[in-house]
Amino acid sequence: MSDQSTDLRETVRERYAAAAVQVTEGGTACCGPQAIEVDDNFGSTLYAADERDSLPAEAIAASLGCGNPTAVADLHEGERVLDLGSGGGIDVLLSARRVGASGKAYGLDMTEEMLALALANQKKAGATNVEFLKGTIEAIPLPANTIDVVISNCVINLSTDKPAVFAEMFRVLAPGGRIGISDVVADDILTSEQRAERGDYVGCIAGALSFAEYHEGLVAAGFTDIELSPTHAVADGMHSAIVRAVKPATAPISVGSGAALPLDQDDSGCCS
Ligand SMILES: C[S@@+](CC[C@H](N)C(=O)[O-])C[C@H]1O[C@@H](n2cnc3c(N)ncnc32)[C@H](O)[C@@H]1O
């Protein structure tokens, strides 16, 4: 990774760590001294009232997504779901309910403070079919062919290596597996400079791919049945969009083990 990419990733980590601490201290993830630029196009208002009511308040307060991927992913009993950039855990906890005791919901995040918040929310929710993993979405710490559905809510735009994320999603999915993602996507006519004029990188705007770039990236990774559907505008020419695609059932079995990183826990179930 270049120095610039490393710096950008560290900036993202610091900002989301601050957001997690803010929620842990009783606030919400937006609107503090380290505010991440979000408005009503982001966060918990994108969930149905019954979904919000069923979760710990801190999971709702930490919601920083730009959609509701659990609503678009069409989850079924017994499935294995992986949420990339799981934050305070809102989509992991909702998915865990939908796949039931015979299924499993994994959350992956690189930010210790977010993982600590997610673990606390899991405990409050009493969810047992849930596992949070520490790592990056560019090097997913799970074996190949072990996941039925990859979801993600406003995270892939934050990656400094999107081809690696697409390749990793493909690797961990079982043949026939699918993705159901919410992300910010730019109109094809917007240059990188024009995207950056509309919002910053950590606020999920400047790093967004265009519709054509997203489509090309997924094709290059091997996905088929690709659909990109804008749902609402988040800035001029920039949209929250639902992204769906399938790993063909006939795809050769992927290789690679994705070594797991230990999520260091103390007795309270929190991260060190
Ligand atoms: C915009 S928040 C979204 C959180 C959550 N999906 C939600 O809907 O509330 C982005 C999250 O992705 C995590 N993240 C950003 N880049 C990442 C990367 N490259 N690898 C792993 N996690 C990442 C951040 O730590 C943060 O928790």
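The values are calculated or read from the model by the stated rules, or taken from the named source; none is laboratory data. Computed from a prediction, not measured in an experiment: that's the story for all the values here. Quick reminder, even Gly has a Cβ in these numbers, built from the backbone with ideal geometry, and neighbours come from all protein chains shown. Calculation scope for accessible area: heavy atoms of the full protein, side chains included, ligands and nucleic acids excluded. Shrake-Rupley method; radii C 1.70, N 1.55, O 1.52, S 1.80 Å.
A few points about this structure:
- Cβ-Cβ contacts under 7 Å between residues 6 or more apart (or on different chains), taken from a first residue in segment 199-212 that is charged (D, E, K, R) to a second residue that is buried (at least 20 other Cβ atoms within 10 Å of the Cβ), are listed as Asp200/Ala206.
- Residues satisfying the stated conditions in segment 144-155, i.e. crowded, with 24+ Cβ neighbours inside 10 Å and either without any contact (Cβ under 8 Å) to a residue 12 or more places away in the chain or in contact with a Lys or Arg (Cβ under 6 Å, 6 or more places away or on another chain) (or both): Ile147, Val149
- Out of Pro175, Pro141, sole residue that is outside any helix (DSSP H, G or I) and over 16 Å from the mean Cα position of the chain (by Cα): Pro175
- Segment 135-149, residues that are within 15 Å of the ligand (Cβ to nearest atom) and touching a helix residue (DSSP H, G or I) at 6+ places or on another chain (Cβ under 6 Å): Ile137, Glu138, Ile140, Leu142
- Candidates Asp74, Asp91, Asp83, filtered to the one that is away from the ligand (no atom under 15 Å from the Cβ) and under 19 Å from Ser240 (Cβ atoms): Asp74
- Condition met for Glu193 (under 27 Å from Ala59 (Cβ atoms) and either open to solvent by 10 Å² or more (accessible area, probe 1.4 Å) or in a loop (DSSP other than H, G, I, E, B) (or both)): no
- Residues that are closer than 15 Å to Gly67 by Cβ and open to solvent by 20 Å² or more (accessible area, probe 1.4 Å) within segment 211-233 comprise Glu227, Leu228, Ser229, Pro230, Thr231, His232, Ala233, listed in sequence order.
- Residue within segment 29-52 that is within 8 Å of the ligand (Cβ to nearest atom), modelled with pLDDT under 85 and not hydrophobic (A, V, I, L, M, F, W, C) present: yes
- Here Leu117 meets each of (1) in a loop (DSSP other than H, G, I, E, B); (2) open to solvent by less than 50 Å² (accessible area, probe 1.4 Å) with one exception, condition (1).
- Of all residues making up segment 156-190, the number that are open to solvent by 10 Å² or more (accessible area, probe 1.4 Å) and within 21 Å of Gly237 (Cβ to Cβ): 6
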